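Asker: Here it is: the structure, laid out below.
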Amino acid sequence: MRAARNLIPGTPRPNPLRTFRAQQNRNAKAPLPSMIELRSVTHAYGDRPVLHDLSLRLTERRIAILGGNGSGKSTFARLLNGLIVPTAGSVAVDGLDTRRDGRAVRQRVGFVFQNPDTQIVYPTVEEDLAFGLRARRLPKDEIARRVSAALERYGLDRYRHQPAHQMSGGEKQLLAIAGVLVLEPAHVVFDEPTTLLDLRNRRKVIELLRGLPQTVIVVTHDLDMVKDFDRALVLEDGRIVADGPPADAVPAYVARLG
Amino acid sequence: MLGLYLHRDSAIHRLPAGVKMGGLLLLTLVVLALPGGWGALAAGLAGAGVLVAAKLPAGRVLRELRSPVVMLTLLFGFQALLAGTGWEDTAIAVARFAALILLATLVTLTTRVMDMVELFERLFARLRPLGVNPAKMALMLALTIRFIPLLGDQVREVRMAQRARGVERNIAALFVPLLVKILTMADDLTAALEARGYDPADPGPEPGPHR
Amino acid sequence: MLSTRDLVLCALFAALLGGLGMAPPIPLGFLPVPVTAQTLGVMLAGTILGAKRGGLAALLFVLLVAAGLPLLAGGRGGIGVLMGPTGGFVLSWPLGAFVTGWLAERFATGANPLRLFAVSVAGGILMVYACGIPWLSLVAGLSLEKAAFGTLAFVPGDLIKAGVAAFAASAVRRAGVLPIHA
């Protein structure tokens, strides 16, 4: 709406506070103590336990979380950016506690969901990309710059003013991912990003993941996608049953499925 | 989202939405205040003038007007037949509103949906002292526009599924799955908004939602 | 204060009203007028979201109709329709949803379909007619009684809708997906 239109001309009117915030954000990218740590994490929905006493340090650049339906892997993913805080234990991202510093954690950890339809929140592509940046109160010219860069980088330029509704499923997922990456998080968690995609779009997303400079954590059933990852965790009934390089963990997972 | 907007290169189209809405409000008050048929005549003339100035096709405008005019005419005929006396007053009332509906339709046809939405957002900002949060209203309007086509698809999809099962006329069977779908969508959408840093406690930048 | 989830629910129900307008009306053999499900959406917004959020959802919808989106049954929209003879029936939806919700929060907090039916009738029919009929009478220059008489044809359809709304709301409540004070 007005947002989108105001974005384009972008007369720079620097606000010192906002510029400071923007710089802080940029610094957030710098690879400081890049690590997510779970300490004795237990989580339950009401009296239904989902995760049991997990303690882990996630430091690798590419990490896969494998597990069947109901294994707790989606809950696990949501713990990593503070969308869910554990019923017991704690999760820390680069030293920030998800319970105490939820907002700061969400700035560091981007999250991409399975279904792009419920992630795209604004009617047109350009406005949607600007959404998270506006929520973060970045200055207008900074928003315009980042949105334009993202449109170009993810091949969405020709859709700029188009309703998201008219895009294909793959393009929508690309937009959803772009909407997260435009925030320049230090870590990105993907919850089954390829499940709803056809083969061609699946390849596109995998390609995109491969090129990301961030730490990437992917919850998936897509075993093929994770074979060149640095580490794979297998969850079953809320417990880690295998942990290691995909060459070891994936066969272990497949064997358990059998 | 084009809506009912009909693009033409005209001065009327270029007028800000606020001016057009303000003008409509003013004219409505004048028409309702003027005695007898004068109001209807004034509004009718104004409408014809705007129609020409906006370079709109009369046929299309009349089509937009068809359903209220047909209804008004039917009611009027009904009234005249039954009552016999005093039908002149009814005729004047009908003519007045027909003219006002023409004017209102012209505003809609010459104003982009987004311009109107922006106007509403500016009005919400004025209502801040009454506890209205303009940033939240703006976000909800945007979300609604985004999700209307999606829910249109859902309604069609669920109806198709019901038809396949032969329960087409059972509207209850339409609504339960639809509601369950909406409520799960609400969960996902809430998580997605918050994952992207949306914080409802944030009062939003002053003065408008997007500045 | 509205939470993120509240904003999302209001927008989704407003969009549901729009989506229902896009679908062709459902023919019910024994009724003279086809049933558009939109007032059903108004009742559901009230019973499921409660007074504040339900009223807000319907308000968002009416604003977008006023903005020129063709969201009313038959692809109609714009300020002209709202100012027309039946405009009062649409303009009253926010109030109708609010009243339905207000009553539901007090008298129909459970899954009892009869209570849900009663509050849907009160908010979604009585309240809507209480605004729509005077409006019709004003615009069409009719006496109130005649305007009321003219709307009688819609009452059976609206009662059926209240029944469906009650049934659906009851099913959702029983499933425990969303308690009214969520």
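The values are calculated or read from the model by the stated rules, or taken from the named source; none is laboratory data. Model, not experiment: these values are computed from the prediction. A quick note on method: Cβ atoms are made from the backbone with ideal geometry, for glycine too, and the neighbour counts reach across all protein chains shown.
Asker: Quick one: would you say A:VAL205 is buried (at least 16 other Cβ atoms within 10 Å of the Cβ) and either out of contact with any His (no Cβ under 6 Å at 6 or more places or on another chain) or assigned to a loop (DSSP other than H, G, I, E, B) (or both)? Give the steps one after another, and end with the answer.
Answerer: Details: buried (at least 16 other Cβ atoms within 10 Å of the Cβ): yes; either out of contact with any His (no Cβ under 6 Å at 6 or more places or on another chain) or assigned to a loop (DSSP other than H, G, I, E, B) (or both): yes.
So A:VAL205 fits the description; yes.
Asker: Take the conditions in contact with a Gly (Cβ under 8 Å, 6 or more places away or on another chain) and aliphatic (A, V, I, L, M) and apply them to B:ALA95. Does it pass? Talk me through it step by step, then tell me what you get.
Answerer: Working: in contact with a Gly (Cβ under 8 Å, 6 or more places away or on another chain): yes; aliphatic (A, V, I, L, M): yes.
Yes: the conditions hold for B:ALA95.
Asker: Out of all the residues in region B:29-49, is one or more within 9 Å of chain C (Cβ to nearest Cβ), touching a helix residue (DSSP H, G or I) at 6+ places or on another chain (Cβ under 9 Å) and assigned to a helix (DSSP H, G or I)?
Answerer: Within region B:29-49, the first condition is being within 9 Å of chain C (Cβ to nearest Cβ), and the residues that meet it are none.
No.
Asker: Looking for whichever is touching a Leu at 6+ places or on another chain (Cβ under 7 Å), within 11 Å of another protein chain (Cβ to nearest Cβ) and among the aliphatic types (A, V, I, L, M) here; the options are C:ALA165, C:ALA175, C:ALA122. Which one fits?
Answerer: C:ALA165 is the lone residue from the list that is touching a Leu at 6+ places or on another chain (Cβ under 7 Å), within 11 Å of another protein chain (Cβ to nearest Cβ) and among the aliphatic types (A, V, I, L, M).
Asker: A follow-up question, please. If you check B:ILE92 against the conditions, is it within 8 Å of another protein chain (Cβ to nearest Cβ), part of a helix (DSSP H, G or I) and surrounded by fewer than 23 Cβ atoms within 10 Å (Cβ to Cβ)?
Answerer: yes
Here's the yes/no breakdown for (1) modelled with pLDDT of 95 or more; (2) farther than 25 Å from A:GLY70 by Cβ; (3) within 14 Å of chain B (Cβ to nearest Cβ):
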{"position": "A:MET167", "(1), (2), (3)": "no, yes, yes"}
{"position": "A:GLY170", "(1), (2), (3)": "no, yes, no"}
{"position": "A:LEU174", "(1), (2), (3)": "no, yes, no"}
{"position": "A:LEU183", "(1), (2), (3)": "no, yes, yes"}
{"position": "A:LEU196", "(1), (2), (3)": "no, no, yes"}
{"position": "A:ARG202", "(1), (2), (3)": "no, no, no"}
{"position": "A:VAL205", "(1), (2), (3)": "no, no, no"}
{"position": "A:ARG210", "(1), (2), (3)": "no, yes, no"}
{"position": "A:THR215", "(1), (2), (3)": "no, yes, no"}
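Asker: Being within 23 Å of B:ALA58 (Cα to Cα) and within 20 Å of the chain's Cα centre (by Cα): is that true of B:ALA99 here?
Answerer: So B:ALA99 passes the test.
Asker: Hand me the list of helices (runs of 4 or more DSSP H) wholly inside region C:60-164 holding 1 or more residues that are over 16 Å from C:GLY21 (Cβ atoms) and among the hydrophobic types (A, V, I, L, M, F, W, C).
Answerer: Values: elements: C:79-83, C:87-91, C:93-107, C:113-120, C:128-140, C:144-150.
The qualifying helices (runs of 4 or more DSSP H) are C:79-83, C:93-107, C:113-120, C:128-140, C:144-150.
Asker: Restricting attention to helices (runs of 4 or more DSSP H) lying wholly within region A:69-168, give those where 3 or more residues are more than 16 Å from B:GLU194 (Cβ to Cβ).
Answerer: By residue number, A:125-135, A:140-153.
Asker: Could you tell me how many of the residues in region C:73-98 are at pLDDT below 90 and surrounded by fewer than 22 Cβ atoms within 10 Å (Cβ to Cβ)?
Answerer: Residues in region C:73-98 being at pLDDT below 90 and surrounded by fewer than 22 Cβ atoms within 10 Å (Cβ to Cβ): 5 in total.
Asker: Collect the residues in region B:160-169 that are in a helix (DSSP H, G or I) and in contact with a helix residue (DSSP H, G or I) (Cβ under 6 Å, 6 or more places away or on another chain), keeping them in residue-number order. Talk me through it step by step, then tell me what you get.
Answerer: Of the residues in region B:160-169, the ones in a helix (DSSP H, G or I) are B:160-164.
Hit for region B:160-169 is B:GLN162, nothing else.
Asker: While we're here: Test B:PRO205 against the stated conditions and say whether it is modelled with pLDDT under 90, surrounded by 21 or more Cβ atoms within 10 Å (Cβ to Cβ), more than 10 Å from chain C (Cβ to nearest Cβ) and within 29 Å of the chain's Cα centre (by Cα).
Answerer: Details: modelled with pLDDT under 90: yes; surrounded by 21 or more Cβ atoms within 10 Å (Cβ to Cβ): no; more than 10 Å from chain C (Cβ to nearest Cβ): yes; within 29 Å of the chain's Cα centre (by Cα): yes.
Judged against the criteria, B:PRO205 is not a match.
Asker: I'd like to know if region C:99-111 contains one or more residues that are under 22 Å from C:ALA37 (Cα atoms) and surrounded by fewer than 18 Cβ atoms within 10 Å (Cβ to Cβ).
Answerer: yes
Condition check ((1) in contact with a Phe, Trp or Tyr (Cβ under 7 Å, 6 or more places away or on another chain); (2) facing chain C (nearest Cβ under 10 Å)) across all residues:
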residue	(1), (2)
B:ARG122	no, no
B:ARG128	no, no
B:MET137	yes, yes
B:GLY152	no, yes
B:ARG156	no, yes
B:ARG163	no, no
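Asker: Here's another thing I want to ask about it. Is it the case that C:THR4 is hydroxyl-bearing (Ser, Thr, Tyr), modelled with pLDDT under 95 and surrounded by fewer than 21 Cβ atoms within 10 Å (Cβ to Cβ)? Even if it seems obvious, please write down each step before you answer.
Answerer: On the way: hydroxyl-bearing (Ser, Thr, Tyr): yes; modelled with pLDDT under 95: yes; surrounded by fewer than 21 Cβ atoms within 10 Å (Cβ to Cβ): yes.
It is true that C:THR4 is hydroxyl-bearing (Ser, Thr, Tyr), modelled with pLDDT under 95 and surrounded by fewer than 21 Cβ atoms within 10 Å (Cβ to Cβ).
Asker: Follow-up. Tell me whether region A:134-152 contains one or more residues that are more than 22 Å from the chain's Cα centre (by Cα), of a type in the set (Lys, Arg) and crowded, with 18+ Cβ neighbours inside 10 Å.
Answerer: Within region A:134-152 (the criterion being more than 22 Å from the chain's Cα centre (by Cα), of a type in the set (Lys, Arg) and crowded, with 18+ Cβ neighbours inside 10 Å), the answer is yes, since at least one residue qualifies.
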